[in-house]
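Below is one structure, written out as structure tokens; the observations come after it.
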Amino acid sequence: MMSETRGNTDVVVLGAGIVGVSSAYAARQRGLSVILVDRREPGSETSYGNAGILSSGSIFPLNQPSLFGNLPKYLTNRHPALRWDFGWALKNPTWIAQFLASGRASQTRPRALALRGLINASLKLHRQWIVEAGAGERIRETGWLKAWRSDNLAAAKADQAALSEYGIKSELLDRQGISALEPNILPVYSVGLLHSETASVDSPGNVVKAYAQMFAGAGGDVRQAEIRSIAPDGDGWRVMLSNGAIHARHVVVALGPWAADLLRPLGYRVPLAWERGYHREFKPNASRQLRRPIHDAENAFLMTPMQQGIRVTSGVELTARDAPSCHAQLDQVVPLARSVVEFGEPVGEVWRGARPTLPDSLPMIGPAPRHKGLWLAFGNQHIGFTTGPATGDAIAAMIAGAAPSFDTSAFSPARYL
């Protein structure tokens, strides 16, 4: 027999990735009673598989003016930066058209400014919470390095100038400077740009778990169950789970790539796509340690030191969320990663995740336009781990009737719903 929870529950947060856990903790900090629900343990889905970067400079989405110059090589499905599925594209022409339209030059600065505000607020919270959660040893204030194998100083300078326009510091490096920074890698890079204000962690999944434990320690309730549906119920909401129902005044949908499915019965057609990505970890060479994440600019992959080894991540795959895995991008870049840093056999299996992306590459942060007490927090594309804390903190502020710490107007769900 299914059990029910009734009474004075203020907030139910659906989804225990970085955004959901952050929403739950921030709401609990404001004195609200909060239940956090997911089918899996916190930090086990999309928030697990990223490069672990707390990136100050990820303010320029994939769809920016430079994308158009690269489209001819991307359309061949041979470049590791992007693969796309023809069948998925035929079924989603509107999303693709909106995505490309958002890449116009006139759309770049407004979105970059919006993301800059979101990222600044998030990095402040990450650095505070990771210490409060007892996981301070996981953060590394070593920056991250974007590097070019070719002598492409012009590209590095252009990147630096673009970041500087938004007050983001970086440092140009030549081959010798890169070797001084990363003495254990092979000298394959000619030019580098160090994002000096960026940090990274050695296990994003465990950081999310630590935040969830901090939430529980503050009196929050973490539950594991399948989420069936949500429906208005009097002056609040009824959340149907596989093991019962929860009643609350507010529901936060932070389900990432699964958010649109839950919202569809309420009449919301969310234009959500998925930047699928892959990673695999490899046993490190203890005498040739990598010190920070490195982004190989020309080959569009990241390699980053993690708790279990060297994690190599792939570029973007645009296809259906649950389509069969295709390891072509990862297979293409792992040998290239081996030409930079020495590592051994794989540790575990290939991981795949689906990063939720709206056509303008900005998340939804705010109230659903036609239902009181329904809050949307998803669509953070491939920078969800960086931006999760401030996304959740803004939602908690809105629920409490307070102003968020940054301008959320660009992230309003009403722009699509």
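The values are calculated or read from the model by the stated rules, or taken from the named source; none is laboratory data. Since this is a predicted model, take the numbers as computed values, not measurements. Glycine gets a Cβ as well: all are built from the backbone with ideal geometry, and neighbour counts include every protein chain shown.
Quick notes on this one:
- The strands (runs of 3 or more DSSP E) found wholly in region 1-95 and carrying at least 3 residues that are surrounded by 24 or more Cβ atoms within 10 Å (Cβ to Cβ) and out of contact with any Phe, Trp or Tyr (no Cβ under 6 Å at 6 or more places or on another chain) occupy 11-14, 34-38.
- Candidates are the residues of region 211-239 that are farther than 19 Å from residue 255 by Cα and among the aliphatic types (A, V, I, L, M); the one that is farthest from the chain's Cα centre (by Cα) is 218.
- Among the residues of region 319-353, the one identified as surrounded by 15 or more Cβ atoms within 10 Å (Cβ to Cβ) and either among the acidic types (Asp, Glu) or not assigned by TED's automatic domain parsing to the domain that holds residue 76 (or both) is 342.
- Residues that are out of contact with any His (no Cβ under 7 Å at 6 or more places or on another chain) and under 20 Å from residue 316 (Cβ atoms) within region 39-54 comprise 45, 46, 47, 48, 50, 51, 52, 53, listed in sequence order.
- For region 102-123, taking the residues that are of a type outside the set (S, T, N, Q) and free of Cβ contacts under 8 Å to residues at least 40 places away in the same chain, the one that is nearest to residue 208 (Cα to Cα) is identified as 109.
- Taking each residue of region 227-240 that is within 8 Å of residue 373 (Cβ to Cβ) and assigned by TED's automatic domain parsing to the domain that holds residue 399 and looking for partners that are surrounded by 18 or more Cβ atoms within 10 Å (Cβ to Cβ) and modelled with pLDDT under 95 with beta-carbon atoms closer than 7 Å, six or more apart or interchain, yields nothing.
- Residues that are farther than 28 Å from residue 390 by Cβ, touching a Phe, Trp or Tyr at 6+ places or on another chain (Cβ under 8 Å) and among the β-branched types (Val, Ile, Thr) number at least 1 in the following strands (runs of 3 or more DSSP E) confined to region 151-213: 191-195.
- Condition check for residue 159: closer than 22 Å to residue 193 by Cβ and acidic (Asp, Glu): yes
- Note on region 254-274: residues that are surrounded by fewer than 20 Cβ atoms within 10 Å (Cβ to Cβ) and either of a type in the set (S, T, N, Q) or farther than 24 Å from residue 238 by Cβ (or both) total 1.
- For region 354-389, the tally of residues that are under 30 Å from residue 234 (Cα atoms) and surrounded by 23 or more Cβ atoms within 10 Å (Cβ to Cβ) stands at 8.
- Conditions (1) of a type outside the set (Asp, Glu); (2) farther than 23 Å from residue 256 by Cβ; (3) assigned by TED's automatic domain parsing to the domain that holds residue 224; number of the one not met by residue 74: (3)
- Check on residue 248, surrounded by 23 or more Cβ atoms within 10 Å (Cβ to Cβ), touching a residue at least 12 places away in the same chain (Cβ under 8 Å) and over 27 Å from the mean Cα position of the chain (by Cα): yes
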